[in-house]
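Asks: The structure that follows is given in the form of structure tokens.
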Amino acid sequence: MADSGAKLVEPIVFQGVHASLPHDSAWRHVSGAAIYVDDIPEPPGTLHVHLGMSKKAHARIVSMDLSAVRASPGVVTVLTAHDIPGENDVSPVIHDDRLFADGEVICVGQSLFAVAATSIAAARAAAAKAVVEYEDLPAAITIGQAREADLKIEASQRMARGDATAALAASPRRLQGAFAIGGQDHFYLEGQVALATPREGGDVHIWSSTQHPSEVQHLVAHVLAVPSSAVIVEVRRMGGGFGGKETQASLFAAAAAVVAVKTGRPAKARPDRDEDMVMTGKRHDFEIAYDVGFDDEGRLTGLALELASRCGSTTDLSMAINDRAMFHADNCYFLPAVEIVSHRFKTHTVSNTAFRGFGGPQGMAAIERVMDAVAQATGLDPLEVRRRNLYGGEGRNLTPYHQVVEDNVAPQLLSELAASCDYEARQRAIDAYNARSPVLKKGLALTPVKFGISFTTTHLNQAGALLHLYADGSILLNHGGTEMGQGLFVKVAQIVAEAFKVSVDRVKVSATVTDKVPNTSATAASSGTDLNGMAALNAANTIKARLVAFAAKKWGCAEGDVEFTPEGLRAGAELVPFDVLCRQAHLARVSLSSTGFYATPKIHYDRATHTGRPFYYYAYGAACSEVLIDTLTGEMKVTRVDILHDAGRSLNPAIDLGQIEGGFVQGMGWLTTEELVFADDGRLLTHAPSTYKIPTCGDRPTVMNIALWEAGRNVEETVHRSKAVGEPPLMLALSVLSAVNRAVAAVADHKLFPDLDAPATPERILMAVEDVKLRAGLG
Amino acid sequence: MGEAVRFLLNGEVVEARGVDPTRTLLEHLRGDLRRTGTKEGCAEGDCGSCTVLVGELEGEAVSWRAVNSCIQFVPMLDGKAVISVEGLGKDQPHPVQAAMVEHHGSQCGFCTPGIVMSLYGRAVAAKGANAPVDEMLAGNLCRCTGYGPIIAAAETIEPEAAPDVADQLAALRRDEALSLDFADPVAGVTRRWFAPLSADELAETYAAHPDAVVVAGATDIGLWVTKLRKPLKTLIDIGRVDELKTITREDGGLRIGAGVRYVDALETLAGLYPDLGAMMRRLGSTQVRNSGTIGGNIANGSPIGDMPPALIALGARLVLRRWNERRIIPLEDFFIAYGKQDRAPGEFVEAVLVPEPAPSAMFKVFKLSKRFDQDISAVCGAFNIQIVDEVVTSARIAYGGMAGTPKRAVACEEALVGRLWNRATIHAAVEALAGDFTPLSDARASAAYRALTAGNMLRKVFIESARPDLETRVPEAAHG
């Protein structure tokens, strides 16, 4: 076994916030010493849990004969819905996700039963012996089928401001369009996994790869019919989450926990890649229709937007996700009169879930498509149309949900990026290229992003931290946020280090665990640092106040003359090294431990009317993408990308740049090569990397210039005036889709508008080219 | 229990006794040896999280290759050296590790050990690692970083010598074929593994066990185990047969042994046919090309293998051997129907014969897939066309992905031969393609897209010959 990694850590001189420190586990990552759940030594007697899965999209279970499963070599126990001590539910919101199907299946891949065996091979081989008799029920697989059958997870929602119908009728110009956007698999490199160990008195400890340990804890407690205090959920790190481990980890954790409690043996549930992709939810695919009114100057006068999504078989987080799609259908643009109608369709496919952006990307894609359509119709440059419609100016700062935009920096970002990426000259050069290149065509697009920061479910905007200073001067930090690669741990450690002016390697961040900080929110909605960083800072400030009072008394100076410096605590004329300070404070019986708590101020929201202030602030960015397409094959390459992003006053520029680049490339994958294909009978056909294609190294844009916006400062009192950065950059990739659409339009010299669907695979691009050629009579 | 598989792991001899011959190296490392630095991301050789370096004696020297440990069977490592991430930076961080940290090349860290090993492979001049970074890393998926920081780290790599394990490996060399058997308690079968050392021994073993599965690089058969979970009974590993790993120049062409791995044939084939080389650089990934063989790509009879259409268009022939009988057939005749090849029980592919280019021929290959790198083709088209005085004198055109087998476009060829090489002829030839194929729709592409692009590929062949001044290919144009 490689070394713990500790000896690889090199001493770091004092650098607090705003320094580009490496990820807290960087040395462990590169040495293979970072421990993920599947790397934890399995306790003796560990059972391996495999879940039997539905082969049908919608059916009544007539019978389920598991006798051959039980008799299979190595099998220790087989559990079904009847063996669950408590509630048969692993859902986040409305108790509609079964741990094991009971009487009816509602999607292919739904969990039917658990086999626990001495090896995973034995468990899988056993599960294959199940004899399940189904009676087919009518299944809706697509949005269209659900629309026809009127299947929804909740009533359609309407968000409106002004009279869109009247505005459209009175608009000088008007056009309609429709397009579809595919879903996306998270493809976290580490799949779902949980290791449950039984403890005395019916308690259970679970290592889980989850973004939401508290929810796993609460759900497992319900499943086991024990209080939450009997369940401990722990997570040191995830090998990627992206929203896919916000609610989806519960199923595997609960299955492992039930097996552990029933058998008294440790139990591990780890689906392989294919099982994971079949069984877990994805980004919602959408069908979007727009009816837009505008004037000859390209200014919008009215907009009616319909957003329809495939939610899958249960509710999961689909209500909030679709709400967020509505919240982002304005993006950076003032919509004088607007009506957004959102249909949340229920289908017999795996229940779709959180994914970086949480509905926002789909809503934003809608309005960006509208901007491109208006530009094409008016013959104006698309960037000019975008600029004319930005928020800003008298009476032009109110969102469709009646929040006032108070921190708008989109105009500056667009201007600065357009200049730095040489937008206008390149647009001309591309027109010239397209005129002389019959096979290959280029497209260029510059699009902005405004993303609302806060959970729109207001009560989730809270966090806790627990901070210990030990008498030797070392610091142990724990908070409710989970580390999934985003760099949360180092950022929060930087905040604590800055508070005490100690080097960040003095601050050890321990695994997130529900018995240290209770009732935490998911690490989601880009909120990890905003919430947990502030909670940790509050804990640090509590201890600091005690230390200041102690030092003032001990070294005889005013509290105002006590200061934490990188050299140590300065108390009047005295300079006390930090470890000496801790030792002295301990001897003087000063508490060196504190919790910290934070709740986001100012926010409120009335879901009944879809009005309020759901967001504490907005994060902004802008991207310009250039693409090259092949009009004979549909092949496409993103050749250059320029990004300017506002991370406020960045806590860690290197980490933030990593989020921006990674988010962009992930968004680019969503909109280009990542295609989920379901068969007519509801089976997912793209359930492994052989068929589901996330971007690889060569897909990275040939040239990529990424900059943090130097002037960025959060106008709100966030931690050190930083801004959340996890999700917003994903939507910068909408510039790629716009650029591809524009390259396709170049086939007919921009006389026609191609409503290219996403993902813009080579096939979709080629078919859009063919469609444009046909309409233009270029056959 | 049988014999023990012996290999070097990070410089020390490891003995695996009683191991299931279809246990993967990854399972062995993580489960049996508790070396958990190497990760399982997909267990099908597509993500690279499990990348390790494998060294083997080639003559007296050791050659190193990055491979996907998730689809290497443990006995395939017998007598070889494995370096896993735990083998790097034992005393102080290896420069590759330091560069990854310095450039912020890891976020979640799960793909990182595999990437570190691929980069280390580049440092020690492992096979195929000297390619452009994009190409070299195409088999290492990262979902977090967007790759920029990893590319930056890769660009700092300085060459270094690989550990010298030649003597240690020489000491592990076998004089007799490895033979293992294992009673699989779950599947209830006895599994056998033979690794003959010569072609004659292979022929004899296969004749004695005609129901055996022949394993070369296991880049396909590995998935029969990890994905299809087939309880295989008898396997014959041809990876020890040096005679099958040679490329020889014969009259008018090359003789490529069935055990030659893509990476070892790439340069030679690219020298003869640059378009074939370009296609091969996109076939699989560095790790796959380091293990997979051209013979395996043919023998498995896949309708979407990329080498067969190219080789059919080139007029390649196949040497088949059973016991001591050999026969040579045109490659296209090998593929009878979906899942059915012209191969008798106990008969194996011994070599493929590839002709040299005809003086006036033009050879082009187009591989179409959703993703440019490391993706199975929706359509792969290969065009071998001779034009003399503006008249097409011969045309061999073959496609993959258009039918149940790789197949020649006979009607299309007929519409070309003897005609003037012009737009009207191309139009007629594209029309004729409709009579050659009735493609299917699947997760990779629709039938309509396949049919359209099959024709457009021929159009592109024409455009490229008529208008060499035009930019016609995205990747070349994208990189200026």
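The values are calculated or read from the model by the stated rules, or taken from the named source; none is laboratory data. These numbers were taken from a predicted model, which means no experiment stands behind them. Every residue, glycine as well, gets a Cβ built from its backbone with ideal geometry; the counts of neighbours run over all protein chains shown.
Asks: When the residues of the range A:736-779 are filtered to those that are within 29 Å of B:I376 (Cβ to Cβ) and of a type in the set (G, A, S), which remaining residue is surrounded by the most Cβ atoms within 10 Å (Cβ to Cβ)?
Replies: Once the filter is applied, the top-ranked residue is A:A739.
Asks: Separate question: Search the range B:423-468 for residues being charged (D, E, K, R) and facing chain A (nearest Cβ under 8 Å), and hand back the single one that is farthest from A:I694 (Cα to Cα).
Replies: Only one residue fits best here, namely B:R459.
Asks: For A:D472, state whether it is at pLDDT 95 or above, within 27 Å of A:E234 (Cβ to Cβ) and not in a strand (DSSP E or B).
Replies: yes
Asks: Something else: Residues in the range B:299-322: is at least one of a type in the set (S, T, Y) and touching a helix residue (DSSP H, G or I) at 6+ places or on another chain (Cβ under 9 Å)?
Replies: Within the range B:299-322 (the criterion being of a type in the set (S, T, Y) and touching a helix residue (DSSP H, G or I) at 6+ places or on another chain (Cβ under 9 Å)), the answer is yes, since at least one residue qualifies.
Asks: Test A:C557 against the stated conditions and say whether it is at pLDDT 95 or above and part of a helix (DSSP H, G or I).
Replies: Answer is no for this residue.
Asks: In addition: Considering only the range B:204-257, give the strands (runs of 3 or more DSSP E) lying wholly within it that have at least 2 residues that are touching a residue at least 40 places away in the same chain (Cβ under 8 Å).
Replies: By residue number, B:213-215, B:234-237, B:253-257.
Asks: Okay, next question. List pairs: first residue in the range A:412-429 and surrounded by fewer than 14 Cβ atoms within 10 Å (Cβ to Cβ) and modelled with pLDDT of 95 or more, second residue outside any helix (DSSP H, G or I) and of a type in the set (G, A, S) anywhere in the structure, Cβ distance under 8 angstrom, at least six positions apart or on different chains.
Replies: Hits for this filter: A:S420/A:A707.
Asks: Name the one entry in A:L671, A:L628 that is modelled with pLDDT of 95 or more and within 18 Å of the chain's Cα centre (by Cα).
Replies: Within the list A:L671, A:L628, the selection yields A:L671.
Asks: Now, a different point. Name the residues in the range B:84-93 that are more than 8 Å from chain A (Cβ to nearest Cβ) and either under 30 Å from the mean Cα position of the chain (by Cα) or part of a helix (DSSP H, G or I) (or both), would you?
Replies: Selection gives B:G87 alone.
Asks: Next up: For the range A:21-33, what are the residues that are within 8 Å of chain B (Cβ to nearest Cβ) and either surrounded by fewer than 24 Cβ atoms within 10 Å (Cβ to Cβ) or touching a residue at least 60 places away in the same chain (Cβ under 8 Å) (or both)?
Replies: Residues satisfying the conditions are A:P22, A:H23, A:S25.
Asks: Which of the residues spanning the range B:283-329 are farther than 20 Å from B:I247 by Cβ, touching a Gly at 6+ places or on another chain (Cβ under 9 Å) and not small (G, A, S)?
Replies: Scanning the range B:283-329 gives B:Q287, B:P303, B:I304, B:P309, B:R322, B:W323.
Asks: Just one of (1) without any contact (Cβ under 8 Å) to a residue 24 or more places away in the chain; (2) more than 12 Å from chain B (Cβ to nearest Cβ); (3) not in a loop (DSSP other than H, G, I, E, B) trips up A:H720, so point out which.
Replies: (1)
Asks: Step by step: first the residues of the range B:121-142, then only those that are more than 8 Å from chain A (Cβ to nearest Cβ), assigned to a loop (DSSP other than H, G, I, E, B) and of a type in the set (A, V, I, L, M), then the one that is nearest to A:M484 (Cα to Cα). Which residue is that?
Replies: By that ranking, first place goes to B:A129.
The rows are residues; the columns are (1) buried (at least 16 other Cβ atoms within 10 Å of the Cβ); (2) within 14 Å of chain B (Cβ to nearest Cβ).
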| site | (1), (2) |
| --- | --- |
| A:L137 | no, no |
| A:A140 | yes, no |
| A:I143 | yes, no |
| A:A164 | yes, no |
| A:G182 | yes, yes |
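Asks: So, in the range B:94-120, how many residues would count as being more than 7 Å from chain A (Cβ to nearest Cβ) and either closer than 21 Å to A:L657 by Cα or of a type in the set (V, I, T) (or both)?
Replies: Looking only at that region, the number is 7.
Asks: Regarding the range A:752-759, can at least one residue be identified that is of a type in the set (D, E) and under 25 Å from A:F242 (Cβ atoms)?
Replies: Checking the range A:752-759: at least one residue is of a type in the set (D, E) and under 25 Å from A:F242 (Cβ atoms).
Asks: Additional query: In this structure, is B:T286 among the polar types (S, T, N, Q) and over 20 Å from B:R343 (Cβ atoms)?
Replies: Answer is yes for this residue.
Asks: Also, I was wondering about something else. In this structure, is B:R229 within 14 Å of chain A (Cβ to nearest Cβ), of a type in the set (K, R) and more than 22 Å from B:L53 (Cα to Cα)?
Replies: Answer is yes for this residue.
Asks: Only one of (1) within 14 Å of chain A (Cβ to nearest Cβ); (2) more than 22 Å from the chain's Cα centre (by Cα); (3) over 21 Å from B:V116 (Cα atoms); (4) crowded, with 24+ Cβ neighbours inside 10 Å is not met by B:H28, so which one is it?
Replies: It fails just one condition, (3).
Asks: Further question: A:R98 - would you say it is within 19 Å of A:M319 (Cα to Cα), crowded, with 19+ Cβ neighbours inside 10 Å and either over 27 Å from the mean Cα position of the chain (by Cα) or modelled with pLDDT of 95 or more (or both)?
Replies: Judged against the criteria, A:R98 is a match.
Asks: For A:A164, only one of the following conditions fails: (1) within 30 Å of A:D755 (Cα to Cα); (2) out of contact with any Leu (no Cβ under 7 Å at 6 or more places or on another chain). What is its number?
Replies: Unmet for A:A164, out of (1) within 30 Å of A:D755 (Cα to Cα); (2) out of contact with any Leu (no Cβ under 7 Å at 6 or more places or on another chain): (2).
Asks: For the range B:175-183, indicate whether the set of residues that are in contact (Cβ under 8 Å) with a residue 24 or more places away in the chain, within 27 Å of B:V101 (Cβ to Cβ) and buried (at least 21 other Cβ atoms within 10 Å of the Cβ) is non-empty.
Replies: So far as the range B:175-183 goes, no, none of its residues is in contact (Cβ under 8 Å) with a residue 24 or more places away in the chain, within 27 Å of B:V101 (Cβ to Cβ) and buried (at least 21 other Cβ atoms within 10 Å of the Cβ).
Asks: Within 14 Å of chain A (Cβ to nearest Cβ), within 18 Å of the chain's Cα centre (by Cα), modelled with pLDDT of 95 or more and in a strand (DSSP E or B): is that true of B:V67 in this structure?
Replies: no
Asks: Being charged (D, E, K, R) and facing chain A (nearest Cβ under 10 Å) is the filter; apply it to the range B:31-62 and report the residue that is farthest from B:A129 (Cα to Cα).
Replies: Out of the qualifying residues, it is B:R34.
Asks: Can you pull out the residues in the range B:143-188 that are more than 30 Å from A:M484 (Cβ to Cβ), out of contact with any strand residue (DSSP E or B) (no Cβ under 8 Å at 6 or more places or on another chain) and more than 9 Å from every other protein chain (Cβ to nearest Cβ)?
Replies: Within the range B:143-188, B:E158, B:P159, B:E160, B:A161, B:D167, B:A171, B:R174, B:D175, B:E176 meet the criteria.
Asks: A follow-up question, please. Condition (residue is outside any helix (DSSP H, G or I), within 10 Å of chain B (Cβ to nearest Cβ) and among the aliphatic types (A, V, I, L, M)) applied to the range A:648-656: is it met by at least one residue?
Replies: no
Asks: Right, next: Does A:S690 satisfy being surrounded by fewer than 24 Cβ atoms within 10 Å (Cβ to Cβ) and either facing another protein chain (nearest Cβ under 10 Å) or assigned to a loop (DSSP other than H, G, I, E, B) (or both)?
Replies: Against the criterion (surrounded by fewer than 24 Cβ atoms within 10 Å (Cβ to Cβ) and either facing another protein chain (nearest Cβ under 10 Å) or assigned to a loop (DSSP other than H, G, I, E, B) (or both)), A:S690 qualifies.
Asks: Still on this structure: Identify, by number, the condition in (1) more than 9 Å from chain B (Cβ to nearest Cβ); (2) in contact with a Gly (Cβ under 7 Å, 6 or more places away or on another chain); (3) closer than 25 Å to B:R473 by Cβ; (4) not aromatic (F, W, Y) that A:L671 doesn't meet.
Replies: (2) is the only condition that A:L671 fails.
Asks: How many residues are part of a loop (DSSP other than H, G, I, E, B) and either buried (at least 19 other Cβ atoms within 10 Å of the Cβ) or touching a residue at least 12 places away in the same chain (Cβ under 8 Å) (or both) when one looks only at the range B:382-396?
Replies: So the answer is 1.
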